[in-house]
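The values are calculated or read from the model by the stated rules, or taken from the named source; none is laboratory data. All figures in this text were calculated on a predicted structure; none of them were measured in a lab. Cβ placement follows ideal geometry from the backbone for every residue including glycine, while neighbour counts extend to all protein chains displayed. These area figures cover heavy atoms from the full protein model, side chains too; ligands, DNA and RNA do not enter into them. Shrake-Rupley method; radii C 1.70, N 1.55, O 1.52, S 1.80 Å.
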Amino acid sequence: MSAPSASPAVSVIVPVYNTAPYLAEALDSILEQTFADYEVLVVNDGSPDTELLERVLEPYAGRVRYLRQENAGVSTARNNALAVARGRYVAMLDSDDRWHPEYLASQVAVLEADPSVHVVYPDAVRFGGGPGQRYSAQYAVGGGITFGRGVGGG
C-alpha cells in the first residue's frame with residue numbers, strides 16, 4: 001500500500017462484528033492488492049470480541065483507520081465509514097471474506113474505462129464449507145443491474 005494520500009482512489013470499508021479470527025486474512029488480502037492507491041477503514045460495530053479484534057489490528061497500525069461504534073448493524077457501520085472516507089470510489093469487504101490480488105485493479109479499470117458505469121460487482125467463489133463454488137452458479141442474476149432494479153429484481 002502506498003503512503004496515505006489526501007484523496008486515495010479507493011476507500012475500502014470493512015465492518016466487523018464477531019469475526020475477529022478472520023480479520024487478518026481479510027486485511028492481508030487487501031494489502032496484497034496490485035492496485036495500491038487505497039485507504040482501509042475497519043469499523044468495529046460494537047463487536048463482543050473487541051479485545052481480540054484490537055489485538056488482531058495491532059500489526060496493521062498505520063495501515064488501517066480504525067473506527068468504533070455501538071452495535072447498530074452492518075449498514076450503519078458502512079455508512080459511518082462512508083462519512084469519513086476519502087476515496088473517489090468505495091469498495092466493501094466483509095471481515096470474513098478475502099479478495100484476489102487483482103480485485104481492485106480490475107474493478108477500478110472498469111470504472112475508469114467507462115464513465116457511464118457507476119457500479120461494478122464481482123462474482124465470488126465460496127470457501128470454507130467444501131469445494132469452491134461460484135456464487136453466480138447458486139444465485140444467478142439475469143439482465144442488467146441498476147440502482148432502481150437491484151440484484152433481487154424489481
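Data table
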{"quantity": "Test: residue in segment 75-92 that is over 14 Å from the mean Cα position of the chain (by Cα), open to solvent by less than 80 Å² (accessible area, probe 1.4 Å), on the phi > 0 side of the Ramachandran plot and at pLDDT 95 or above", "calculated": "no"}
{"quantity": "Filter result (of a type in the set (Ser, Thr, Tyr), in a loop (DSSP other than H, G, I, E, B) and either out of contact with any Asp or Glu (no Cβ under 8 Å at 6 or more places or on another chain) or farther than 14 Å from residue 107 by Cβ (or both)) within segment 9-40", "calculated": "17, 19"}
{"quantity": "Tally of residues being within 15 Å of residue 96 (Cβ to Cβ) and among the charged types (D, E, K, R) across segment 47-77", "calculated": "1"}
{"quantity": "From 56, 43, residue being assigned to a helix (DSSP H, G or I), more than 18 Å from residue 104 (Cα to Cα) and among the hydrophobic types (A, V, I, L, M, F, W, C)", "calculated": "56"}
{"quantity": "Only one of 106, 136 that is modelled with pLDDT of 95 or more, open to solvent by less than 90 Å² (accessible area, probe 1.4 Å) and hydroxyl-bearing (Ser, Thr, Tyr)", "calculated": "106"}
{"quantity": "Evaluation of residue 7 against (1) open to solvent by 30 Å² or more (accessible area, probe 1.4 Å); (2) modelled with pLDDT of 95 or more (one fails), failing number", "calculated": "(2)"}
{"quantity": "Among the candidates 119, 110, 43, 74, residue that is in contact with a Pro (Cβ under 7 Å, 6 or more places away or on another chain), within 30 Å of residue 137 (Cα to Cα) and without any contact (Cβ under 8 Å) to a residue 60 or more places away in the chain", "calculated": "74"}
